[in-house]
């Protein structure tokens, strides 16, 4: 699928979730558009940030409207030109955060639009971190507030470098112009947001409902584990439903039913994880499909939908283990 190409590597911790057998990842498929994914190398020093010049936004001037941007006039700045076109009042974006944003990118000299998320009806979710995204985005958007529209021009040194991006028709000499509408930001303290759902089945684990960014508790009952997959809301969000082909950004914690021992957690690593539902064990893909963004979900995975008798080496998961996860679905990618 197209969106997976935005990430340059599988995040840490995903090894304990990666499916086997006939589960196939789609990360090798070619992108159909140019995204702000980082090039293979990025060694440019920090740019000087200036106010302009920047071409005019001639239509779609409101936040989250698809903009039309004029052709660049004259010679673009050799520095990073950044302007807050619409000032938002939300949380400040920090480097290392994942951002959710709509954006349009075009070439300064020709006004050729090489990519935009507005037409796809799906905002970009990507980490503002070196190696994940082009440096121009990192420097232009760090410190901006949610609800803001930011326009900026990116010289090659902080974009795709001398190699350009041939797939999108971007040459190594091209300065790029972006308009970005900042919708959301997520970091290691992010949690589900929604309505608590009653957990009234005494034969199922009970999950904590705290939303302070700390790991929720998971209480395993003194009963035999269920034989079939369980995927229940603990907190029900009001976002879009997750599809079987989607990628998601999550917080999660995993424990074994027997003994309740934790074997993996984004909370412990203090780092969120993103992945395609085609890249994980069947219990995860089936359990999260149809669930709403913003939710916390209890997933109980029997061995046949987890790792069976072949758990990942070094994972701490016993053979034939029933696995229990609490998963906060922060965003769909």
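Put a dot 7 Å past each Cα toward the Cβ at residue 171 and residue 228; how far apart are the dots in nm?
6.2 nm
Which residue fluctuates most in the GNM of the chain (Cα springs below 10 Å): 79, 64, 201?
Judging by the Gaussian network model, the answer is 201.
Tell me, what is the FRET efficiency for residue 120 and residue 92 to the nearest 0.05, using R0 = 25 angstrom and their Cβ-Cβ distance as r?
Once rounded, the FRET efficiency stands at 0.40.
Could you work out the relative contact order of the chain? I mean the mean sequence separation of Cα pairs under 8 Å and 6+ apart, divided by the number of residues, in percent. Intermediate values should be presented prior to the final figure.
Details: 808 pairs, mean separation 60.0, N = 333.
Relative contact order of the chain: 18 percent.
Using only DSSP helix segments of four residues or longer, with each worth -39500 (n - 2.57), what per-residue ellipticity at 222 nm results for the chain after dividing by its residue count and rounding to 500?
When only DSSP H runs of four or more count, the value is -1000 deg cm²/dmol.
Which order do 107, 49 fall in if you start with the one that has the fewest other Cβ atoms within 10 Å?
Going from sparsest to densest Cβ surroundings: 49, 107.
Neighbouring Cβ atoms within 10 Å as the yardstick, rank 270, 121 fewest first.
Ascending Cβ contact count within 10 Å gives the list 121, 270.
In the set (i) 1.02; (ii) 1.07; (iii) 0.96, which value of Rg/Rh (Cα atoms, Kirkwood Rh) was calculated from the structure you see?
Read-out from the structure maps to (i).
Measure out, as a whole number of angstrom, how far apart the alpha-carbon centroids of the range 294-325 and the range 102-175 sit.
39 Å
Among 48, 253, which comes first, second and so on when ranked by fewest other beta-carbon atoms within 10 Å?
Lowest to highest Cβ neighbour count: 48, 253.
Looking only at the chain, where both bridge partners belong to it, what percent of the DSSP beta bridges are antiparallel (to the nearest 5)?
If I count the DSSP bridges inside the chain, around 95 percent turn out antiparallel.
Values in this text are rule-based calculations from the coordinates and carry no lab data. Being a predicted model, the structure only gives us computed values, none of them experimental. Methodologically, a virtual Cβ is constructed for each residue, glycine included, from the backbone with ideal geometry; neighbour enumeration extends over all protein chains shown.
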